[in-house]
Amino acid sequence: MELRQKRRLVVLTGAGISAESGIRTFRDDNGLWEGHDLAEVATPEGWNKNRALVLDFYNQRRKACLKAKPNAAHLKLAELEDSYEVTIITQNVDDLHEKAGSSHIIHLHGELCKSQSTVDPRITYPIDGWELKLGDTCEKGSQLRPFVVWFGEPVPKMVEAIAAVSQAEALAVIGTSMLVYPAAGLIDYAEEAIPKFIIDPSIPSLYPIANLFPIAEKAGTGVAKMEKALQSWEFED
Ligand code: APR
C-alpha cells in the first residue's frame, strides 16, 4: 500500500502573528509605526533623506526582536510540520518563525537581522548583535542598509511565494490587514477547492472567495482552531 505524502499547508503571516510576542503591528496605531510615519522609515526616499534616522529606527526594532520569543501561534505552526508539509510565507522581518522551529520560511519583506549592500542587493550579511551603523560597508565599499523591502521596491521572493500558494492544498492567512500588495494578492493564486482560513480578531474584508473560513480570534488560539478544522477537512486525492 502506498502512503500518501503529507498535505501541503501554506501559511501567509503578517504583523498580527507577532503581536502576542510584544511586537507592535503597523496599522493598529493610527498609521504610525512606533511613532514614525511609514514614509520616513520604510521608503527609499526616507533612506536618502535621513540614513541615520532609518538605521536607528531598525536598530531599535532589531533590539526588540532579539529579545522577543515566539508565541503559541508560531510554535503550533512549527509543530504542524509533523502532520503537514508546511511553507510559511511571512511579511514579517522578525525571526520568530525561525525561533519557533519552522523549517521552510519565505521572508517576503526581508529580514531584520541581516544587512544589505546599497550597490548590489544580492549581497546580504547577518548582523552580529543589534546595531548597524553609518560607515558599515559591504565588500564593494557601499554603506550597508537594513535588509528590508521598503514601499516602492521590488519583492523578488514573490516568484517563490506564488509557486507555493499555487500548489497549496490548504491555505492560512494570519494577522495581516491584507492592504499591502503584492503580498495581499497571493490568495488569488490558491486553487478554488482548497480550504482558506483567515485568522485575525478583525477579519479583513475580502471579496467573495470560495471555501473561505474566517476565524475571528487572536493568532494564539486561532491556529489551534484551524488545526482542528483541518483534521476534519476531506481532502481530494
Ligand atoms: N492575532 C492575529 N492578528 C492580529 C493580532 C493577534 N493577536 N493583533 C492584531 N492582529 C491583526 C490586525 O487586526 C491586523 O489585521 O494583524 C493585522 C496587522 O495588520 P498590519 O499592521 O497592516 O500588518 P501587515 O498586514 O503585516 O502589514 C503588511 O505592510 O508596513 C508594511 O512591510 C510592512 O510587512 C508589512 C506590510
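Couple of notes before you dig in:
- Taken over the stretch 109-144, the criterion of being surrounded by 19 or more Cβ atoms within 10 Å (Cβ to Cβ) and in a loop (DSSP other than H, G, I, E, B) is satisfied by His109, Ile127, Leu132.
- Annotation: Glu85 fulfils all but one of (1) modelled with pLDDT of 95 or more; (2) within 14 Å of the ligand (Cβ to nearest atom); (3) open to solvent by 10 Å² or more (accessible area, probe 1.4 Å); the unmet one is (2).
- Within the stretch 215-237, being in contact with a strand residue (DSSP E or B) (Cβ under 8 Å, 6 or more places away or on another chain) and either loosely packed, with under 12 Cβ neighbours inside 10 Å or within 17 Å of Glu192 (Cβ to Cβ) (or both) holds for Trp233, Phe235.
- If you check Ala190, Ala170, Ala164 for being in contact with a helix residue (DSSP H, G or I) (Cβ under 7 Å, 6 or more places away or on another chain), surrounded by 14 or more Cβ atoms within 10 Å (Cβ to Cβ) and within 22 Å of Leu75 (Cα to Cα), only one passes: Ala170.
- Matching residues in the stretch 130-161 - criterion: being of a type in the set (A, V, I, L, M, F, W, C) and either closer than 16 Å to Thr90 by Cβ or without any contact (Cβ under 8 Å) to a residue 12 or more places away in the chain (or both): Phe147, Val148, Val149, Val155, Met158, Val159, Ala161
- A count restricted to the stretch 54-82 and to residues that are open to solvent by 60 Å² or more (accessible area, probe 1.4 Å) and out of contact with any helix residue (DSSP H, G or I) (no Cβ under 8 Å at 6 or more places or on another chain) stands at 7.
- Some residue of the stretch 90-108 being open to solvent by 80 Å² or more (accessible area, probe 1.4 Å), in contact (Cβ under 8 Å) with a residue 12 or more places away in the chain and touching a Leu at 6+ places or on another chain (Cβ under 7 Å): no
- The set of residues from the stretch 162-204 being without any contact (Cβ under 8 Å) to a residue 12 or more places away in the chain and part of a helix (DSSP H, G or I) comprises Ala163, Ala184, Gly185, Asp188.
- Test for Glu153: is it acidic (Asp, Glu), under 19 Å from the mean Cα position of the chain (by Cα) and not in a loop (DSSP other than H, G, I, E, B): no
The values are calculated or read from the model by the stated rules, or taken from the named source; none is laboratory data. Quantities reported herein were computed from a predicted structural model and do not represent experimental measurements. Here Cβ is always computed from backbone atoms with ideal geometry, including for glycine, and neighbour counts include all displayed protein chains. Note: accessible area is taken over every heavy atom of the protein model, side chains too, but ligands, DNA and RNA are not part of it. Shrake-Rupley method; radii C 1.70, N 1.55, O 1.52, S 1.80 Å.
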